Amino acid sequence: RNSRKPVKQANAPIKGSVETPMKGTLRCSLSALGPQTVPYLARPFVDIRSPRDTTTLPSWMSENQRQYANFLFSRTIAAHPVLVAQTIHRLPLQPFPQVAVIGKSNVGKSSLINALMHGKEVTRTSSTPGRTRHLFTFDLGDQLSLVDLPGYGFAKVAKERQNDWAVLIEEYFNRSRSLKRVISLIEGPTGIGRLDEKLWEMMVEKNRQFMVVITKVDTLKPLELHALMLRVIASLEGVRAEAQSRDCRSDIVWPFVHAVAARYNEGMKELRCSLSVIASDHHILEHQTRLKRGAMHR
């Protein structure tokens, strides 16, 4: 009875959402925020290079890419054996690209991964934060691999298990030859923490491309999401400057910050499109390589 009627706007980025009061806050419905709405940063994604631009769609939001993204994340899922710190040396060399997902404990990682897969229960949520200390890998056909890295930052975890986590993460980033992007999850209600910033520093040290996805935005008011987007963008500008001073890759920070509410499927379509480019670009590159090899042997 507390729910309201669906908000309908012709210019809304996502359709069919319902705004519902939750625990004293108004759910930040991304679908209720048209391109001309203030706060202008409360959107499913923001280009940190031109955050005020609310009209230009990136190439990865084309109709062809959307269709491919739906196809990709609907593929049959193949799970690999679970890895821990003591078995990370068995990490397989994948012939197709990998995307790793990481964030603090209880950031909503499992819910996000399941939502990416159109609601399939690929990974189970845990009621005990910090409990999981394993690395899970899921292949989408033979085109993309998702790596579920254990969460960090839960104080009640024993020191030994914290050390195991550090070894596992360090070794994964050192060993993975197929890793193309790391998804850094930031919990909307708590914002950026010191451990999140340390992860970004590690990405600079490892010269690994990463992107930021804000989770649980359904718990934020539009102005709160706008303010958090501002903080994230400012922080990432600092990371880009540091990476440039170290002569890292120019695209170390994926220039789009995403905002999602996994349980309402808000922002997920855009995130799928963004990630699907990794697989489609790899497929195009492989095809071009095969053509070149064929021409050389003629």
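The values are calculated or read from the model by the stated rules, or taken from the named source; none is laboratory data. Values in this document were obtained by computation on a predicted structure and should not be read as measured data. Please note: Cβ atoms are built from the backbone with ideal geometry, for glycine as well, and neighbour counts cover all protein chains shown. These accessible areas exclude ligands, DNA and RNA; they are computed on the full protein's heavy atoms, side chains included. Shrake-Rupley method; radii C 1.70, N 1.55, O 1.52, S 1.80 Å.
Were the residues from ARG177 through GLU242 laid out at 0.36 nm apart, the gain over their Cα-Cα distance would be 21.0 nm.
Can you list the residues of region 181-203 with backbone N under 13 Å from a point 7 Å past the Cα of ARG231, pointing along Cα to Cβ? Only 186-197 pass the distance filter. Distant-in-sequence amide contacts of GLY103, defined by a placed amide H-H separation under 5 Å and a gap of 5 or more residues or a different chain, comprise TYR152, LEU185. A Stokes-Einstein calculation at 25 °C with viscosity 0.890 mPa s, built on the Kirkwood radius of region 226-298 over Cα pairs, returns a diffusion coefficient of 158 µm²/s. Pairwise inverse Cα distances across region 35-122, averaged and inverted, put the Kirkwood hydrodynamic radius at 16.7 Å. Averaged over its residues, region 174-215 has an accessible area of 37 Å² per residue, based on protein heavy atoms and a 1.4 Å probe. Computed 3J(HN,Hα) for region 105-120, one whole-Hz value per residue from the Karplus formula 6.51 cos²θ - 1.76 cosθ + 1.60 where θ = phi - 60°, is 4, 6, 7, x, 5, 4, 4, 5, 4, 5, 5, 4, 8, 6, x, 5, glycine and proline marked x. Fully extending the segment from ASN64 to ARG52, taken as 0.36 nm per residue of separation minus the present Cα-Cα distance, adds 1.7 nm.
For LYS120, the accessible area of its heavy atoms, probed at 1.4 Å with every protein chain present, is near 80 square angstrom.
First select every other residue whose beta carbon is under 15 angstrom from the beta carbon of PHE96; then total the charges, Lys and Arg +1, Asp and Glu -1. Residues near PHE96 contribute +1 overall.
Each residue, ASP142 and MET202, gets one label point 7 Å from its Cα in the Cβ direction; the gap between the two is 3.3 nm. Each of LEU195 and HIS80 was given a label point 7 Å from its Cα along the Cα-to-Cβ line. The distance between the two points is 2.4 nm.
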